[in-house]
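Below: the structure, in structure tokens.
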Amino acid sequence: MQQDSIVAKLNKKPGFTLVELMLAMAFVGLLMLAITYCIIQVSTTYSRGLTLRQVNDAGRSISDDMKRAIARSPGSASIQVINVGSTGGRLCTGEYTYVWNNPTGLDAFSSNPISVMNRYNTGTASIDAVPIRLARLLDRNGALCVSPIGPITNTTGAVDLLAGSDNVLSADTTSPNSDRPLALRQLTVQHIPGPAGPSAPVTTNRGLSAWRVDFQLGTSESAALNAAGCRPPSDAGANQTYCAINNFSFTATKSMR
């Protein structure tokens, strides 16, 4: 009898019960879900950070480029913005003209290029098929700023400041180039008057004229945008990972002599 008891004890092996095994599996499953959620959150934050960085880098690059163009513009030239309907606009500096399409214009171009006035019309298919996001063109005679506004027939010296995978005129290798296409939403320019003179207000100070430029730059995915910016997460089409918009402002001066 004692021998049978010893054998029974030897044959009894320790192990998990079914309940213990189910609890362990549930814990591991919850742990894996938590790890997966953390990875997704980190990845989303990282992607959003890359998008914001691209917008900010592009905004600084555009600001510097426009500031130099205004500073080099002829003294008699007027700095002005011409709105081309609801699809884009042109910034005229007297030497260079900046041409852009906003997200609405880019969408219209993809469906019917002829409906967009800010487009290339050179007779060369590889150029005319390129949507203009933001291009700087040499325009010393201001032909691109004369009413009625027409399409661009001469791309000599054209530089795309928002070079993307869908643009073949990305000659400026210093411009941001990424898989997140950007677009200029709006741009305004305002003359900053100088101090008043002894008899009448003047607009120059020591032969210089100052201009304030404000613009809004961001991603061009129309479905993720609304009138004020990116759609909130609860809206259909919202894309918080790859949607970013920022406002930029700078002051430029030029010689009036």
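Here is how the numbers come out for the structure above:
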quantity: Gain in span if fully extended, Thr36 to Ala236, counting 0.36 nm per residue against the direct Cα distance; calculated: 69.5 nm
quantity: Kirkwood hydrodynamic radius of the range 51-121, Cα pairs, Å; calculated: 13.6
quantity: Val28/Asn112 FRET efficiency (R0 41 Å; Cβ-Cβ; nearest 0.05); calculated: 0.15
quantity: Computed lengthening from Thr188 to Asn247, 0.36 nm per intervening residue step minus Cα-Cα distance; calculated: 20.1 nm
quantity: Long-range tail of P(r) for the range 17-81 (Cα pairs > 13 Å, %); calculated: 77
quantity: Nonlocal amide H pairs with Val84, under 5 Å, H built at 1.01 Å; calculated: Gly89, Arg90
quantity: Gain upon complete extension [Val19, Asp57; 0.36 nm per residue less C-alpha separation]; calculated: 8.0 nm
quantity: Per residue Cα convex hull volume in Å³ - calculated over the range 48-168; calculated: 109
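All of the numbers you see were taken from the coordinates with simple rules; none came from a lab. The structure presented is a predicted model; accordingly, all values stated were derived computationally and were not measured. Glycine gets a Cβ as well: all are built from the backbone with ideal geometry, and neighbour counts include every protein chain shown.
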